[in-house]
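Comments concern the structure below.
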Amino acid sequence: PFAYDLSDPYGQKPGSQALTNYLSTKKGNCVSMPALFVILGQRLGLNVTLSTAPLHVFAKFTDNATDKIWNLETTSGAGFTRDIWYRQKLPMTDEAIANGVYLKTLSRREALSVLAVPILDRLLETERYRDAIAVADALIDAYPANAYTLVKKGTAYYRLLDAEIIKKYPKQSDIPADKIAYANDLYQANKQAFAKAEALGWREPKLN
């Protein structure tokens, strides 16, 4: 049987969030499990999509007969889970909910933006920082309230700054005059990405 991977509950291992990994190992996490659930549900004609909480993805099912929406926690038998439970277990701000960062019934385009975030992890891991920034921009265009992607984008800018400036010129006074503007641009882009995420109500999640 398919089961929750308790050794990596947040799906932080490289490649662990991929459906291919879930299907081959039968061990899933809070990204791969709801993704497969939604795919199968939609194949059956059900009105089901994804939603998010801090470092978490789950399914939302809409009963077309009543228009009632149900949260389904696929890491725990796809049982009904109330919004308040997610807010207690995975604290989130009122602003983040109001801005559609969390607990939103995502459109297909927005859901695909969420599922594509692991691509950013792979690009960051392989030090393809400019590619990561370009992919992040595409994902944000698809889902402007994807705060987690904004955070990844900010991380990519910092790592680019670290690789091309900080490690080469440990002292600020060592930075060549023709690279100062470039260094400042990277620094400001890093700050802006995180500022946009925080303006949406995102806050640094705490892993237990």
Only one of 204, 198 is surrounded by fewer than 12 Cβ atoms within 10 Å (Cβ to Cβ) and closer than 26 Å to residue 10 by Cβ, namely 204
Out of 40, 36, 46, I need the residue that is part of a helix (DSSP H, G or I), open to solvent by 80 Å² or more (accessible area, probe 1.4 Å) and aliphatic (A, V, I, L, M). Which one? 40
Which listed residue, of 81, 155, 93, is open to solvent by less than 40 Å² (accessible area, probe 1.4 Å), in contact with a Gly (Cβ under 6 Å, 6 or more places away or on another chain) and β-branched (Val, Ile, Thr): 93
Breaking point among (1) part of a loop (DSSP other than H, G, I, E, B); (2) touching a helix residue (DSSP H, G or I) at 6+ places or on another chain (Cβ under 8 Å); (3) open to solvent by less than 20 Å² (accessible area, probe 1.4 Å), for residue 8: (2)
Kindly indicate the residue of the stretch 158-179 that is over 20 Å from residue 132 (Cβ atoms) and among the hydrophobic types (A, V, I, L, M, F, W, C) and also most open to solvent (accessible area, probe 1.4 Å) among those meeting that condition. 177
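Check whether at least one residue in the stretch 77-99 is on the phi > 0 side of the Ramachandran plot, hydrophobic (A, V, I, L, M, F, W, C) and within 14 Å of the chain's Cα centre (by Cα), and report yes or no.
From the stretch 77-99, those on the phi > 0 side of the Ramachandran plot are 77-78; that's our starting set.
This time we only want the ones that are hydrophobic (A, V, I, L, M, F, W, C), so: 78.
With within 14 Å of the chain's Cα centre (by Cα) added as a condition, the list becomes none.
Checked against the condition, which is being on the phi > 0 side of the Ramachandran plot, hydrophobic (A, V, I, L, M, F, W, C) and within 14 Å of the chain's Cα centre (by Cα), the stretch 77-99 yields no hits at all.
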Can you tell me how many residues in the stretch 121-152 are open to solvent by less than 60 Å² (accessible area, probe 1.4 Å), closer than 18 Å to residue 202 by Cα and either part of a loop (DSSP other than H, G, I, E, B) or in contact (Cβ under 8 Å) with a residue 60 or more places away in the chain (or both)? 3
Expected output for the stretch 171-196 (first residue of a type in the set (Ser, Thr, Tyr), partner part of a helix (DSSP H, G or I) and open to solvent by 80 Å² or more (accessible area, probe 1.4 Å), Cβ below 9 Å, 6+ apart or cross-chain) is 187/158
Do you know which of the residues in the stretch 163-195 that are assigned to a helix (DSSP H, G or I), over 30 Å from residue 10 (Cα atoms) and among the aliphatic types (A, V, I, L, M) is farthest from the chain's Cα centre (by Cα)? 177
Please go through the stretch 88-120 and pick out each residue that is among the small types (Gly, Ala, Ser) and assigned to a helix (DSSP H, G or I). 96, 98, 111, 113
In the stretch 63-78, which residue that is open to solvent by less than 20 Å² (accessible area, probe 1.4 Å) and part of a strand (DSSP E or B) is nearest to residue 110 (Cα to Cα)? 71
In the stretch 1-32, residues that are more than 22 Å from residue 206 (Cβ to Cβ) and not polar (S, T, N, Q) total 12
Does residue 110 satisfy the criteria of being under 18 Å from the mean Cα position of the chain (by Cα), charged (D, E, K, R) and within 18 Å of residue 152 (Cβ to Cβ)? yes
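The values are calculated or read from the model by the stated rules, or taken from the named source; none is laboratory data. If you're wondering where the values come from, they're calculated on a predicted model, not measured in any experiment. So basically every Cβ, Gly included, is an ideal-geometry build from the backbone, and we count neighbours across all protein chains shown. What goes into the accessible areas is simple: the full protein's heavy atoms, side chains included, and nothing from ligands, DNA or RNA. Shrake-Rupley method; radii C 1.70, N 1.55, O 1.52, S 1.80 Å.
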